[in-house]
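We did not get these values from a lab; they are worked out from the coordinates using the rules stated. Please read these numbers as outputs of a predicted model, since none were measured by experiment. For neighbour counting, all protein chains shown are included, and Cβ atoms are generated from backbone atoms with ideal geometry for every residue, glycine included.
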Amino acid sequence: MSPKITQVIKRTGAVVPYNRERIANAIYRAAVAVGGRDRATAERLAGQVEATLEKTMPPGDIPTVEEIQDIVEEVLIENGHARTAKAFILYREERSRHRSRKIAHHNRDSSNIPYRKLWEVLSWAVDHDVHTVQRLNARIARGEFAEVVRESERMYEEDVATAAELIKERLDEVKIVIISGPSSSGKTTTTIKLEALLKGMGMNLVALNVDNYFFDLELHPKDEFGDYDFETPQALDLDLINEHLVRLVAGEKVLIPFYDFKTGKRTDNATPMHIGPQDIILIDSLHGLYGGMTEGVPDEKKFKLYIETLLQMKCCSDDRFIRWTDVRLMRRMVRDSLFRGYNPRQTLEHWHYVRSSELRHIIPHVNTADYVINSAMPYELPIMRPRLIDHFAQWVEDYRDDPQRQDAFNRASRVYEMLTRVTPVEDGSAIPSTALLREFIGGSDYKY
């Protein structure tokens, strides 16, 4: 028998189809946040929520998202899932604060980046005449694109070199170097470059791939559209990572797991690992700054590096700074299309969840980093325009009247306006084969 509830009113006032699986996914995500992995229970509780809705809603009425969430809280508490209910309530409050900030027109990326770092990047942009799209276009018109590339690469390389020097200063105590940052910030290339510098300084680095600590795919939470969520730290076995790191730092041998992305299954105790007295563990991870991953290791034994696209460039009708998340979105679209077989549309539609996870699990921990590297390249905007502008033009039209894809529409509209104002550069030959941007557009000397 089909449910009586067929539609839901979103906070925007839009009316969308009702889907019980979204309730189950929300409950499961809250359970995962407190260590639970029982999807069947989440589905059973979602059924109770639906039954309560059908019993309490007057005939013909359409429930709101808030009314459904209120019932979810009641059902969780009534069934003895107080910790899951608390996680669900906290998530609701967090999303409410986030919406309030948007309403208040806080349009810059939320971050804990030190103001001194932002000032350094802005000062550099002004000194090199790339602090607005108009000034960048003017340099391109003068035939200076190759020079902008050289200047941008030099800035980034100096940032990486500074991080290496800071690690060297703490060589006597540091046992783990953590390279963290949000999606498509350039962690992989930065890790390669930093590793080469540190080896040149006489350090021996041993990489620990934390992707091998993913839980089996069937245990992953899903987002509201039913996609598996790899973006949350709870997708990783944080307790096991922490245990292994503590033992490795103590000089013990551990057996690390292996995760097969083709099957979505993890094999435990797969590969032996041991570090010597002069070795340093190197971790490249989205969630490297997340406390639960390394909480058992004393802070003095960790050097934490954070990478972000700190572009300081103004654009468009409102003359505001280009959003860092939009720069990374374009990078991921091009990379995933080239190397992972994803349609750029899929990347856009999933980005709301990537961004939500960043704001919850990555950005709040930036201020624990020992150093911040700026990976933004002013010259990447002219390179991205010919690759993506037609896609964004199409998405603006496709999502304009789709209430379920409002986030995709807003992002597409914003990026499209920006790209229309950037002078396109088709020829990327001026970009070195060792450049960070090659990680995304191809043609790199590095193996990823």
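Dipole magnitude of segment 115-441 about its Cα centre, charges +1 at Lys/Arg Cβ and -1 at Asp/Glu Cβ only, in debye to the nearest 20? Spell out each step's value before the answer.
Details: 41 positive and 53 negative charges, 99 e Å.
My answer is approximately 480 debye.
Quick one: what do you get for segment 358-448 if you divide its Cα Rg by 2.2 N^0.38 Å?
Details: Rg = 16.6 Å, N = 91, 2.2 N^0.38 = 12.2 Å.
Taking the Cα Rg and dividing by 2.2 N^0.38 Å, one obtains 1.36.
Tell me the relative contact order for the chain as a rounded percent, counting alpha carbon contacts under 8 Å between residues six or more apart.
On the way: 653 pairs, mean separation 82.6, N = 448.
Averaging sequence separation for qualifying contacts and normalising by length gives 18 percent for the chain.
Roughly how many nanometres apart are two label points built 7 Å out from the Cα toward the Cβ at Glu397 and Thr6?
3.2
Among Tyr290, Pro424, Ala235, which residue has its Cα furthest toward the positive end of the charge dipole of the chain, with +1 on Lys/Arg Cβ and -1 on Asp/Glu Cβ?
Pro424
Work out, step by step, the length gained on full extension between Val15 and Leu166: first 0.36 nm times the residue separation, then minus their alpha carbon distance; give nm to one decimal.
Numbers: separation 151, 0.36 × 151 = 54.36 nm, distance 5.38 nm.
The span from Val15 to Leu166 would gain 49.0 nm if fully extended.
Give the cross-link partners of Lys86 among the lysines, using a straight C-alpha distance below 24 Å as the criterion and excluding same-chain residues fewer than 8 apart.
Once the sequence-local lysines are set aside, what remains near Lys86 is Lys10, Lys222.
Filter the GluC sites (Glu not before Pro) in segment 147-212 down to the DSSP loop ones having no more than 15 other Cβ atoms within 10 Å, then list what survives.
Listed in order of number, the matching sites are Glu173.
Give me the percent relative contact order of segment 129-252, please, defined on Cα pairs under 8 angstrom at least 6 residues apart. It would help to have the intermediate numbers written out before the result.
Values: 51 pairs, mean separation 19.1, N = 124.
Once divided by the residue count of segment 129-252, the mean separation gives 15 percent.
Strictly over 30 Å apart at the Cα level, which of Lys193/Lys302; Lys168/Lys262; Lys199/Lys262; Lys117/Lys302 would you flag in this model? It would help to have the intermediate numbers written out before the result.
Details: Lys193/Lys302 19 Å; Lys168/Lys262 39 Å; Lys199/Lys262 33 Å; Lys117/Lys302 21 Å.
Lys168/Lys262; Lys199/Lys262, as the Cα separations exceed 30 Å there.
Out of all DSSP beta bridges in segment 248-398, what portion is antiparallel? Express it as a percent rounded to 5. Don't skip to the answer; put the middle values down first.
Numbers: 8 of 12 bridges.
The answer is about 65 percent antiparallel.
Please report the orientation-averaged projected area of segment 28-92, defined via the convex hull of its C-alpha atoms, in nm². Show your work: numbers first, answer last.
Details: hull surface 16.7 nm².
Average projection, Cα convex hull of segment 28-92: 4.2 nm².
Computed from the coordinates I sent, Cα extents along the principal axes in Å equals one of (i) 106, 50, 47; (ii) 68, 58, 38; (iii) 69, 54, 49. Tell me the label.
Given (i) 106, 50, 47; (ii) 68, 58, 38; (iii) 69, 54, 49, the calculated one carries the label (ii).
Along the positive direction of the dipole of segment 180-222 (beta-carbon charges: Lys, Arg +1; Asp, Glu -1; about the Cα centre), which of Ser185, Leu217, Val206 reaches farthest?
Ser185
Counting residues in segment 308-406 as N, plug N into 2.2 N^0.38 Å and put the Cα Rg over that result.
Values: Rg = 14.8 Å, N = 99, 2.2 N^0.38 = 12.6 Å.
That works out to 1.18 for segment 308-406.
Between Arg37 and Ala250, what is the label-to-label distance in nm when each label sits 7 Å out along the Cα-to-Cβ direction?
2.3
Could you tell me what percent of the DSSP beta bridges with both partners in the chain are antiparallel, to the nearest 5?
Rounded to the nearest five, the antiparallel share is 40 percent.
Using alpha carbon coordinates only, what is the Rg to Rh ratio of segment 135-224, with Rh defined as the Kirkwood radius?
Values: Rg = 18.7 Å, Rh = 16.5 Å.
Computed over Cα atoms, the ratio is 1.13.
Quote to one decimal, in nm, the extra length available between Lys314 and Asp211 on full extension: 0.36 nm per residue of separation minus the C-alpha distance between them. Walk me through the intermediate numbers first.
Values: separation 103, 0.36 × 103 = 37.08 nm, distance 3.64 nm.
The Lys314-Asp211 span can extend by a further 33.4 nm.
Could you give the length gained on full extension between Thr271 and Glu218, defined as 0.36 nm per residue of separation minus the Cα-Cα distance, in nm?
On the way: separation 53, 0.36 × 53 = 19.08 nm, distance 2.31 nm.
The span from Thr271 to Glu218 would gain 16.8 nm if fully extended.
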